[in-house]
Amino acid sequence: MKTNTKKIKQVKKLLENFSGVQTEPFRKGTRKTISFEVFDHEDITHSISALLEVCYYALDGDGSFIAPKHTNKSQISSVTKVLEIVIDLLPHEQMFCMDKLTEILADEKKKEFD
């Protein structure tokens, strides 16, 4: 029984330091959220703009904006920013946590059969 308590404490410690999917109260229920790091407010708007620009390029087909006020936008910079966002959203910490949990559970299962 002591071993189970120790394992549960290890799992709790992993989950306390885990910054992947967060659960928070929302209205009458809960919601799960994730986040990614930005440098400042301008970076937030640049990220959102890049996402929208890539959608526009994908829908437009010829890869250029029609409106003259957007002629300074390039496919490369928009796609690059979106790829950076996607890389930031990859759940590296979550996968590390899951690997540790799997390791703890595998050790526990091995002890049961010994």
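The values are calculated or read from the model by the stated rules, or taken from the named source; none is laboratory data. As the structure is a computational prediction, the values presented were derived from the model and not from experiment. Because the Cβ atoms are built from the backbone with ideal geometry, glycine has one as well, and the counts that use them run over all protein chains shown. In case anyone asks, the SASA skips ligands and DNA or RNA and just uses the protein heavy atoms, side chains included. Shrake-Rupley method; radii C 1.70, N 1.55, O 1.52, S 1.80 Å.
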Problem set entry | Of the criteria (1) modelled with pLDDT under 80; (2) within 19 Å of the chain's Cα centre (by Cα), which one residue 1 fails | (2)
Exercise. Inside the stretch 36-47, can you point out the residues that are exposed (fewer than 12 other Cβ atoms within 10 Å of the Cβ) and within 10 Å of residue 85 (Cβ to Cβ)?
Worked result: none
Exercise. Of the conditions (1) open to solvent by less than 100 Å² (accessible area, probe 1.4 Å); (2) over 28 Å from residue 37 (Cα atoms); (3) not aliphatic (A, V, I, L, M), residue 84 fails just one. Which one is it?
Worked result: (2)
